[in-house]
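Step one of this worksheet: look at the structure below.
The values are calculated or read from the model by the stated rules, or taken from the named source; none is laboratory data. Just so it is clear, the model here is predicted, and its values are computed rather than measured. For neighbour counting, all protein chains shown are included, and Cβ atoms are generated from backbone atoms with ideal geometry for every residue, glycine included. Side chains are part of the model used for accessible areas, which takes the heavy atoms of the whole protein and leaves out ligands, DNA and RNA. Shrake-Rupley method; radii C 1.70, N 1.55, O 1.52, S 1.80 Å.
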Amino acid sequence: MSNQTMFMMIMFMFFYAVFRVMQQQGANGAAVSPSNNQQNGTLSDTGGGGGGCVPTTNGNMITETDGETGEQLNGDVNPTISTKIIDKTNQDIVRLIGQHLRTVGLDRTADLLMQESGCRLDHPAAAKFRQHVMDGDWIKADYDLIELKGFLNTESHSLEMKFLLLEQEYLEFLEDGLVLEALHVLRNELTPLGHNTGRVHQLSAFMMCSGREELQARAGWEGKGLASRSALMDKLQKFLPPSIMLPPRRLHSLLCQAVEMQNQQCTYHITQTQTNLENVSLLVDHSCSKEQFPCHTTQILNDHCDEVWYCKFSPDGLKLATGSKDMSVIIWDVDPVSILSYINCALNFEFSMIFTIIFIYIQETLRVTHRKTLEGHTYGVALVAWSPDSSHLIACGPEDCPELWLWNVDTPDCELRVKLTQGTEDSLTACAWHRDSNKFVTGGLRGQFYQCDMDCNVLDSWEGVRVKGLWCRSDGKTVLAADSHHRIRGYNFDELSEFTILQEDHPIMSFSVNKADRQALLNVAHQGVHLWDLQDRCLVRRFQGVTQGHFTIHSCFGGVNEDFIASGSEDNKVYVWHIKKELPIATLTGHSRTVNCVSWNPVYHQMMASVSDDCTVRIWGPKSAVRYS
């Protein structure tokens with residue numbers, strides 16, 4: 001029996017037991033008199049035709065009887081509503097509320113709001129236009145469009161709106177089987193507009209559709225009715241000024257923007273941005289707790305026997321590689337989710353029987369387990385690079401190492417695919433993969449700069465470039481290289497062109513680039529961590545706190561939108577910043593010597609790894625993962 005099946009059976013037993021308990025309590029309880037339910041401001045039912053009552057103050061109610069509505073507030077009937085004069089801002093707010101009330105079906109409430117405020121939800125001409133579109137009265141809608149023409153910004157907007165109306169009319173004729181009428185619209189109204197001829201050709205091809213389903217599928221259309229006409233109205237509203245007709249679901253859009261902005265401004269927002277208002281409270285500001293942030297040690301790994309120089313999570317987030325001075329690379333499996341615990345619950349009910357139910361619940365534990373140690377790297381391992389498909393791993397040595405190792409991690413034993421050695425005078429200490437996972441570049445401080453295939457055959461080379469770090473850009477052609485002149489330059493192997501992107505005043509010890517290929521993170525000697533915009537070629541921010549001398553320390557981007565920066569430091573700490581703030585939002589302690597590298601899991605964003613000269617690897621996660629450990 002699978003775990004899922006067992007879990008479903010357990011839950012069924014639980015709910016059945018609870019149902020029997022409630023049934024027994026209901027049988028033994030006293031009946032509650034309906035007359036006792038009516039108190040000040042509460043609801044009650046009458047025998048009227050509508051049967052609906054709404055709460056009022058001091059026990060008075062508004063009741064519906066025989067389809068007619070009587071409005072009563074504190075016992076007084078007020079058939080007239082006085083209009084209030086309000087300013088422009090409040091008029092906009094009232095209109096937004098009125099539109100939302102109509103969206104959720106509270107038309108009568110919206111009408112009363114408009115009447116009391118003296119506001120107008122839409123211009124009368126626009127309201128009439130909307131009604132005719134929703135009714136499918138295309139002739140009247142066309143006349144309404146002529147009336148609205150004076151409110152449009154350009155003539156092209158009027159043309160586009162007319163085209164959309166005729167397109168809907170044409171498709172509805174086709175769905176109803178009125179082929180001659182559809183042909184008339186196509187030939188005598190759509191085609192003479194001379195607008196969007198490509199779409200007109202597509203529409204003409206729909207004549208050959210065998211039925212309603214094929215028409216809707218090929219046209220990407222929901223069919224005749226309220227849904228497609230509402231979608232049409234949403235398109236048409238975009239051409240009308242908001243003073244004439246509000247954009248569709250404007251209040252909802254504003255609330256979504258507010259939620260998104262709060263997420264962006266939240267210091268510790270590490271998870272996927274929630275844009276669905278159904279799961280967000282609008283009554284309080286959004287704020288993430290620091291306990292959810294990966295700033296708590298969940299594991300300390302002591303498998304290396306010397307200084308650990310580098311760590312990197314695979315792009316799929318399921319593996320971690322660590323390289324050490326002990327001449328080995330260790331591959332770790334990431335276990336983000338595990339069965340956390342079991343709880344025994346006893347329910348006592350009829351016949352004094354006891355049923356024990358076992359709950360099994362799941363939680364992200366964010367742990368790693370040892371898979372394989374890759375040995376034999378004569379000079380130690382100072383850098384590793386995962387292929388974009390997470391199947392292969394390149395290992396490079398420190399300083400003047402002439403060797404590069406390419407491992408196939410997808411095989412059970414993580415087999416060595418090939419080792420690259422061009423000559424003992426070479427230096428291959430940096431590498432980066434192209435996005436297709438079929439080529440990579442490598443180089444070092446002795447002037448070697450190669451582009452190779454998966455068998456380590458040198459495809460291209462660039463002479464005289466002293467490389468300290470490499471990155472392949474998303475265009476598949478340009479390679480960024482940090483050189484010994486404190487620069488990052490771009491190299492195009494296809495066009496044999498090169499150009500300078502940025503210049504620092506001190507040596508660039510390492511650098512990385514975000515997924516958007518727009519921002520670069522540099523660890524600069526005696527300066528710390530700098531953020532550069534690669535497109536605008538300008539320095540964006542200098543992050544404070546980190547201690548950076550001449551040691552090679554690696555930093556990284558992190559978080560679902562890469563809104564966070566993490567770096568090691570020579571003061572034995574890990575520093576974490578929000579990308580918009582210069583001061584650190586978290587300082588992580590635990591290592592006893594220089595922290596050489598930090599890597600943020602690109603998939604499970606509440607997980608980080610750091611490595612240090614104290615020979616340990618630390619895994620960082622939220623406080624809940626610490627409790628599991």
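Remarks
- Across the cross-link table entries LYS580/LYS623; LYS149/LYS235; LYS312/LYS515; LYS468/LYS573, which are compared at the Cα atoms, the separations over 18 Å belong to LYS580/LYS623; LYS468/LYS573.
- Listed residue (MET207, ALA182, HIS157) projecting farthest to the positive dipole end of the stretch 122-245, Cβ model: HIS157
- Normalised contact order of the stretch 544-602, rounded percent, pairs of Cα under 8 Å and 6 or more residues apart: 36 percent
- Residues CYS305, CYS311, CYS256, sorted by accessible area with the largest first, give CYS305, CYS256, CYS311 [1.4 Å probe; ligands and nucleic acids excluded].
- Per-pair calculated FRET efficiency, R0 = 25 Å: LEU226 and ARG120 via Cβ, rounded to 0.05: 0.55
- Of the trypsin sites (Lys or Arg not before Pro) in the stretch 558-629, the ones in a loop by DSSP (not H, G, I, E or B) with at most 12 other beta carbons within 10 Å are LYS580.
- Residue-by-residue Karplus 3J(HN,Hα) for the stretch 393-406, coefficients 6.51, -1.76, 1.60, Hz, glycine and proline x: 9, 9, 10, 10, x, x, 6, 9, 5, x, 10, 9, 10, 10
- Listed residues SER328, ILE394, CYS295: farthest to the positive end of the dipole of the stretch 290-621 (Cβ charges): CYS295
- Under Karplus coefficients 6.51, -1.76 and 1.60, residue-wise ³J(HN,Hα) of the stretch 145-159 in Hz, glycine/proline x: 5, 4, 5, 7, 4, x, 8, 7, 6, 9, 5, 5, 5, 4, 5
- Virtual spin-label span in nm between HIS184 and ALA127, 7 Å along Cα→Cβ: 3.3 nm
- Summing charges over neighbours of ASN561, with a neighbour being any other residue whose Cβ is under 12 Å away from its Cβ, gives -1 when K and R count +1 and D and E count -1.
- Contact order normalised by residue count of the stretch 122-245, Cα under 8 Å, 6+ apart, percent: 34 percent
- The simple Förster model, with R0 at 51 Å and r as the Cβ-Cβ distance, assigns ALA205 and ALA516 a FRET efficiency of 0.85.
- Shown in residue order for the stretch 209-216 are the 3J(HN,Hα) couplings computed by the Karplus curve 6.51 cos²θ - 1.76 cosθ + 1.60 at θ = phi - 60°: 5, 7, x, 4, 5, 5, 4, 5 Hz (x for Gly and Pro).
- Residue ranking by accessible heavy-atom surface, 1.4 Å probe, largest first, among THR197, THR154, THR478 comes out as THR197, THR154, THR478.
- Subtracting the Cα-Cα distance of GLU155 and GLN503 from 0.36 nm times their residue separation leaves 120.3 nm of extension gain.
- Relative contact order, percent, the stretch 290-621 [alpha-carbon distance under 8 Å, six or more residues apart]: 15 percent
- For LEU366, the residues whose modelled amide H falls within less than 5 Å of its own, excluding neighbours fewer than 5 places apart on the same chain, are VAL337.
- Summing +1 for each Lys or Arg and -1 for each Asp or Glu among the other residues whose beta-carbon sits under 9 angstrom from that of GLN264 gives -1.
- Applying 1/(1 + (r/R0)^6) with r as the Cβ-Cβ distance of VAL458 and GLN265 and R0 = 41 angstrom yields a FRET efficiency of 0.25.
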